[in-house]
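Data block below; observations after.
The values are calculated or read from the model by the stated rules, or taken from the named source; none is laboratory data. Quick caveat: nothing in here was measured; it's all calculated off a predicted structure. Methodologically, a virtual Cβ is constructed for each residue, glycine included, from the backbone with ideal geometry; neighbour enumeration extends over all protein chains shown.
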Amino acid sequence: MDWNKSNTILIVVFLIVNIFLFSFIYFSDSFNLEYDLKEKEEFLQSVKEILKQKNIIISCEIPSKIHKAPFLEVEYDVISPNRELVENFIGKYDGIINEDVLFYENENESLEIVGMKKIIYEKTGDFNIKNEDSADDIIDEFCKRKNIDISGFVKVNEIDSKDYKLIKFVEKYRTYNLENSYIHFYIKNGEIIKFEMQKIVSLSERANIKSISAAEALLRLMTINFADNKEIVDIQICYYTKENEDFQNINSISVDLVWKVIFSDKTCAYLVGEEY
């Protein structure tokens, strides 16, 4: 046998096989990529058409990233009623202060403690004299006067209505907003007429989870009535869970990654599943 000739033939066959395999893999991957992109675009278009049935318009890019992060076990800051807390908000108070009485009122100011973890302060009266200070200055002055610490919170939204301006702050975990740890300020004519605060004091990571796609989550708007006839201007991923009827009886809760849409009127909707 001519071994040189045999070796040459084997080398040629080997090269042909490798070229064939490379070509198959390359063109197969290219075909799959083109097919996936086409399929994705068709799905996005279908989502947009379905939402148009409720006159919901998407005016922003739909994120394509699938997020992977741990779901969290969080513990709320437990608020025990005490005289210092109550009088910080409503001034001198002569009534009973204990865990059986969670609503306190004094002249035109009131304080309510909900579920031992949420504070709601309200002020009533005529606010006809408009304070020209900026919203940030008004909030800073209010926090100093009421001894409120908002360090660690970031401003995420401002909503203007005919009755007040609502400014929302939330805490963050990594790059994600913790939507269940928040502070809300309601401002009218330069006065804080309502303040709401709920804080998470500790959290622990559990198993990593993947979010569903934003496109899939958007279909949940079909079950949210107040989303009708609205325009979506932003889509974000965050940590959030519904505060259901058991909220007042628990001090800790699990939170997952959830898609959140923001409408042109600055309101928002959390696209949670039926299991919530």
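State yes or no: is residue 276 in contact with a strand residue (DSSP E or B) (Cβ under 6 Å, 6 or more places away or on another chain) and either at pLDDT 95 or above or not small (Gly, Ala, Ser) (or both)? For residue 276, the condition - in contact with a strand residue (DSSP E or B) (Cβ under 6 Å, 6 or more places away or on another chain) and either at pLDDT 95 or above or not small (Gly, Ala, Ser) (or both) - is not met. If you go through the range 156-172 one residue at a time, how many are among the polar types (S, T, N, Q) and part of a loop (DSSP other than H, G, I, E, B)? Looking only at that region, the number is 1.
Note on the range 78-112: residues that are in contact with a strand residue (DSSP E or B) (Cβ under 6 Å, 6 or more places away or on another chain) and among the hydrophobic types (A, V, I, L, M, F, W, C) amount to 7.
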